[in-house]
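*Asks:* Got a structure here, written out as structure tokens. Questions coming.
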Amino acid sequence: MPLRYKDRKPLIIFLCAFVPLWLIIFSSCKNHSHPDKKIFRYNESSGLASLDPAFAKNKQVMWATHQLYNTLIEIDSNMQMKPSLATRWDISDDALTFTFHLRNDVFFTDDACFINERGRVLTAYDVEYSYNRIIDKSTASPGAWIFNNRVDSVNGFKAIDDTTFQLKLISPFQSILGILSMQYCSIIPREAVEKYGTDFRRHPVGTGPFQFVAWEEGQALILKKNERYFEKDAAGNSLPYIDGIKVSFYDSKATEFLEFQQKRLDFIDDIDPSFKDEVLTKTGHLKKDWIGKIELHKHPYLNIEYLGILVDDENELVKNSPLRLQKIRQAINYGFNRRKMMLYLRNSIGIAAESGFVPAGLPSFDSVLVKGYHYDVAKAKQLLAEAGYPDGKDLPEIKLLTIPIYGDLGSYIANELLQVGIKVQVEVIQKSLLMEQTSKSQAPFFRGSWIADYPDAENYLSVFYGKNPAPPNYTRYKNAEFDKLYEKALSQKNDSLRYQLYQQMDRMVINDAPVVPLWYDMAIHLVHLNIKNFYPNSLNLLELRWVKK
């Protein structure tokens, strides 16, 4: 049925209001810059599935929703929690009740879902609604796990008044604060969800530094500066500084790189293997031809790449595998050169994992207190002999499962281990199949990675908690002493004491060797010289509030 004039009027007003921005943005694509508007441009080669924070399960959605919404707590560049929508919080003596005191000057952006289409003040009732929506089965949020079996199912979320919100846990879990910084926990207005229904995924209404303008799926996403955003800089100037954001969706990394070269993109995230050698030296620096033309940003990224080893003694695959022996697992860890691997296969993007499973970038990381494995052929051979396989004699061949993008990595490790006496057959399979096999405990030796869901070492150590299924405990590691320490750490309020428990657990995992840590990842960005204040963070969130162009 065609729209009546009354129905079309808001649409006409909307288009009239935003056509100028559209013209500015798209004309600036041709002119590369515009004298009046500062638009930050980046590309998402993997596309974008939703702008609903309840579905912020991947980097693409997290980056976009981070511009549009706020959370009670956020993480600063030093991985420390700081207030955002909340000004402060109190924790009860039993560590079960968290009370948050909210700002009273935060507004949702103007939208037709509100009375008179004017954005209203955010209150604690919005927090209560947003969190309950995550665990509501009808929402089907992939983020429901963050609260399930942790938050009181009856009185878990409660608005005490407009500026006071209370969260109640079933049992102590200090890491809940980190979880509340996740994009899943962005605060949304009930009115928008009720008005747009399933279309809320492409009609976001938030309080963030930018607000939604338009999204043509597969073509472009356009955001503009939120003129009523609450944050200011130290001098009292309103944030953000730039006028808008344009996200393109070229699925070809080659096209993306070309657009960047021609200054139609302001930065690119990561460097595709096909042209990394064109830009970077083996030591991870810009090649001579690029110096003075662009900037290279590298910083720790909370991701560890590793090889996992199934250690469930009750599994038939383990009973007949040499990997059931701790000394064989340790020999593998000593038997290849991680630093050479990083130099020649990774152009030094990342840090050789010679400490624990917890990666660099977290406050509790300490390479002195947690010693990992380094390259030591003699030590590897000694362990092989002690395990009953001198020089690898009679040691059965071990199969390593990996995915296509890491096939060369598997081959490198296999060749290195062959010098020690350990024969490894590398089998390359599709990622979906590898995930299925590791989840079903059908992969004795496999390539894996773990990206932080929230900035706390507990998130990494949960991978080895004996009561956890796969995921996250893909190796099926069980250690009663480890589990005791893990449970003790959950209720420890003192950061220093909690970090000591984390380090003790990490040392335990390294000694038992259910994993072979490979490297602690780095986020790498290529940025044009006219972009300033583009600050990195270990969560690899795209932070544009402070950017100047």
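The values are calculated or read from the model by the stated rules, or taken from the named source; none is laboratory data. It should be emphasised that the depicted structure is a prediction, and the values quoted were computed from it without experimental measurement. Neighbour counts are summed over all protein chains in view; Cβ atoms, including those assigned to glycine, are modelled from backbone coordinates with ideal geometry.
*Asks:* Within segment 303-408, which helices (runs of 4 or more DSSP H) (wholly inside it) include 1 or more residues that are buried (at least 22 other Cβ atoms within 10 Å of the Cβ) and touching a Phe, Trp or Tyr at 6+ places or on another chain (Cβ under 9 Å)?
*Replies:* 326-334, 338-345, 377-386
*Asks:* Any residue in segment 138-154 that is over 15 Å from PRO53 (Cβ atoms) sitting within a Cβ distance under 9 Å of a residue that is among the β-branched types (Val, Ile, Thr) and loosely packed, with under 14 Cβ neighbours inside 10 Å? List the pairs, counting only those 6 or more apart or interchain.
*Replies:* Here the result reads ASN149/ILE170; ARG150/ILE170; VAL151/ILE170; ASP152/ILE170; SER153/ILE170, each pair linking segment 138-154 to a residue that is among the β-branched types (Val, Ile, Thr) and loosely packed, with under 14 Cβ neighbours inside 10 Å.
Residues are listed down the side, and each one gets a yes or a no for (1) over 24 Å from LYS327 (Cβ atoms); (2) among the β-branched types (Val, Ile, Thr); (3) modelled with pLDDT under 95; (4) touching a helix residue (DSSP H, G or I) at 6+ places or on another chain (Cβ under 7 Å):
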| residue | (1), (2), (3), (4) |
| --- | --- |
| VAL420 | no, yes, no, yes |
| GLN430 | yes, no, no, no |
| PHE445 | no, no, no, yes |
| ASP453 | yes, no, yes, yes |
| SER462 | yes, no, no, no |
| PRO469 | yes, no, yes, no |
| PHE482 | no, no, no, yes |
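*Asks:* Right, another one. SER130 fails exactly one of the following numbered conditions: (1) in a loop (DSSP other than H, G, I, E, B); (2) within 20 Å of PHE55 (Cβ to Cβ). What is the number of that condition?
*Replies:* Status for SER130: all satisfied but (1).
*Asks:* In segment 413-450, what count of residues is obtained for those that are of a type outside the set (A, V, I, L, M, F, W, C) and within 20 Å of LEU384 (Cβ to Cβ)? I'd like the intermediate steps shown before the answer.
*Replies:* The initial filter retains those residues of segment 413-450 that are of a type outside the set (A, V, I, L, M, F, W, C), namely 415-416, 419, 421, 423, 425, 427, 430-432, 436-442, 444, 447-449.
After this cut, where a residue has to be within 20 Å of LEU384 (Cβ to Cβ) as well, the list is 415-416, 419, 421, 423, 425, 444.
Of the residues in that region, 7 qualify.
*Asks:* For residues that are in contact with a Phe, Trp or Tyr (Cβ under 9 Å, 6 or more places away or on another chain) and either part of a loop (DSSP other than H, G, I, E, B) or aliphatic (A, V, I, L, M) (or both), tally how many sit in segment 259-279.
*Replies:* Total meeting the criteria: 6.
*Asks:* Residue by residue through segment 484-524, note down the ones that are of a type in the set (D, E, K, R), surrounded by 17 or more Cβ atoms within 10 Å (Cβ to Cβ) and within 11 Å of SER355 (Cα to Cα).
*Replies:* If the condition is that a residue be of a type in the set (D, E, K, R), surrounded by 17 or more Cβ atoms within 10 Å (Cβ to Cβ) and within 11 Å of SER355 (Cα to Cα), then ASP506 is the only one that fits.
*Asks:* So which of VAL121, VAL106, VAL127, VAL151 ends up being β-branched (Val, Ile, Thr), farther than 25 Å from PRO209 by Cβ and in the same structural domain as PHE212 (by TED's automatic domain parsing)?
*Replies:* Details: VAL121 fails: farther than 25 Å from PRO209 by Cβ; VAL106 fails: farther than 25 Å from PRO209 by Cβ; VAL127 fails: farther than 25 Å from PRO209 by Cβ.
Going through VAL121, VAL106, VAL127, VAL151 in turn, the sole match is VAL151.
*Asks:* Next up: What number of residues within segment 147-176 are at pLDDT below 95 and either part of a strand (DSSP E or B) or within 19 Å of LEU541 (Cβ to Cβ) (or both)?
*Replies:* 1
*Asks:* Can you confirm whether TYR477 is in contact with a Pro (Cβ under 9 Å, 6 or more places away or on another chain), over 28 Å from LYS82 (Cα atoms) and free of Cβ contacts under 8 Å to residues at least 40 places away in the same chain?
*Replies:* Here the answer is no, as TYR477 does not meet what is asked.
*Asks:* Further question on the same structure: Within segment 231-247, is even one residue more than 18 Å from MET62 (Cα to Cα) and touching a Cys at 6+ places or on another chain (Cβ under 9 Å)? I'd like the intermediate steps shown before the answer.
*Replies:* Of segment 231-247, the ones more than 18 Å from MET62 (Cα to Cα) are 231-243.
Checking the rest, the ones that are also touching a Cys at 6+ places or on another chain (Cβ under 9 Å) come to none.
No, every residue in segment 231-247 fails to be more than 18 Å from MET62 (Cα to Cα) and touching a Cys at 6+ places or on another chain (Cβ under 9 Å).
*Asks:* Something else now. Could you say which residue among LEU96, LEU68, LEU122 is in contact with a helix residue (DSSP H, G or I) (Cβ under 9 Å, 6 or more places away or on another chain) and of a type in the set (A, V, I, L, M, F, W, C)?
*Replies:* Result: LEU68 is the single residue among LEU96, LEU68, LEU122 that is in contact with a helix residue (DSSP H, G or I) (Cβ under 9 Å, 6 or more places away or on another chain) and of a type in the set (A, V, I, L, M, F, W, C).
*Asks:* Identify, please: which residue in segment 142-157 is over 15 Å from CYS185 (Cα atoms) and over 25 Å from the mean Cα position of the chain (by Cα) and is, among those, surrounded by the most Cβ atoms within 10 Å (Cβ to Cβ)?
*Replies:* ASP152
*Asks:* Please verify whether ASN70 is surrounded by fewer than 18 Cβ atoms within 10 Å (Cβ to Cβ) and more than 15 Å from SER175 (Cα to Cα), treating the condition exactly as stated.
*Replies:* The answer is no for ASN70.
*Asks:* Given the structure, is GLU227 modelled with pLDDT under 95 and either more than 15 Å from ALA54 (Cα to Cα) or among the aromatic types (Phe, Trp, Tyr) (or both)? Full working, then the answer.
*Replies:* Working: modelled with pLDDT under 95: no; either more than 15 Å from ALA54 (Cα to Cα) or among the aromatic types (Phe, Trp, Tyr) (or both): yes.
In short, no.
*Asks:* Then there's this: Quick one: would you say THR109 is in a strand (DSSP E or B) and modelled with pLDDT of 95 or more?
*Replies:* So THR109 does not fit the description; no.
*Asks:* Out of the helices (runs of 4 or more DSSP H) lying entirely within segment 414-513, which hold 1 or more residues that are of a type in the set (D, E, K, R) and over 24 Å from the mean Cα position of the chain (by Cα)?
*Replies:* By residue number, 480-490, 495-512.
*Asks:* Looking for something part of a strand (DSSP E or B), at pLDDT 95 or above, more than 29 Å from the chain's Cα centre (by Cα) and hydrophobic (A, V, I, L, M, F, W, C) - is there at least one such residue anywhere in segment 284-291?
*Replies:* Looking for residues that are part of a strand (DSSP E or B), at pLDDT 95 or above, more than 29 Å from the chain's Cα centre (by Cα) and hydrophobic (A, V, I, L, M, F, W, C), one finds at least one in segment 284-291, hence yes.
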